[in-house]
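A quick write-up on the structure given underneath.
Values in this text are rule-based calculations from the coordinates and carry no lab data. All values reported here derive from a predicted model rather than from experimental measurement. Note that each Cβ is placed from the backbone with ideal geometry, even for glycine, and that neighbours are counted across all protein chains shown.
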Amino acid sequence: MFKNQNGFTVVELMVTIAVASILLTIGVPSLVSVYEGVRVNNNIEKIHNIIAFARNQAISYGATVNICPFASETSCGTTTDWSNGIRVFINNADGDHELRVIDSFHSQDVVKGSASMVSFTAEGMVNAGSGNIIYCPGGKNADSKSVNVSSSGLISYGTDALSCS
């Protein structure tokens, strides 16, 4: 007598693997674009929030608060490349005191600012560095998002698809 054996035949297994590979070939590229979209939205919100934090701290402390691209030195340099992170610090009689830092962004992303620093006065006005910071995921201008900082201290989300070069 034949016993009924459970399991898959080689043909069934090969068909299943073929169908799975076709679905993965079609699906993975779209997942990469979804991942980049989520990453750019999260990071542009993070940039917006740290700029708003800096403005609020300037008003609260009644002192000048600076935002710079992250670097090893304590003062702002001349670079407009913000890809290595963002540093917020306050200037007072004791010197510079770091308030908050964002570590570097994704290694393939480009973050450019129109200025090398943003500085808020005690009244919340921009002392230096009004303009925008643009975040380009994977260096793609078409998927970029930006944050605008006006000279009056207004912080808003800017135009999409700006150039990071």
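Specify which labelled value, from (i) 22.7; (ii) 18.2; (iii) 16.4, agrees with Kirkwood radius over Cα pairs in Å derived from the coordinates of the model shown. So the calculated entry is the one marked (ii).
Estimated purely from DSSP H runs of n ≥ 4, each contributing -39500 (n - 2.57), the mean residue ellipticity at 222 nm for the chain is -12000 deg cm²/dmol once divided by its residues. Who wins for biggest fluctuation among T121, T16, T80 in a Gaussian network model of the chain, springs between alpha carbons below 10 Å? Of T121, T16, T80, the most mobile in the Gaussian network model is T16. If contacts are Cα pairs under 8 angstrom and at least 6 residues apart, what is the relative contact order of region 69-165 in percent? After rounding, I find 20 percent.
Principal-axis analysis of the Cα atoms of the chain puts helix 10-61 at an angle of about 10° to the longest axis. Remark on region 125-165: hydrodynamic radius 10.5 angstrom, per the Kirkwood mean of 1/r across alpha carbon pairs.
Note on the chain: with a GNM built from Cα contacts shorter than 10 Å, the maximum mean-square fluctuation among V65, V28, V149 falls on V28. Measuring nothing but how far apart in sequence close Cα pairs (under 8 Å, 6+ apart) lie, relative to its length, the chain scores a relative contact order of 19 percent. A dipole drawn for the chain from +1 and -1 charges on Cβ atoms has a positive end, and of V88, G124, S21 the residue lying farthest that way is S21.
Each residue, S152 and S33, gets one label point 7 Å from its Cα in the Cβ direction; the gap between the two is 3.8 nm.
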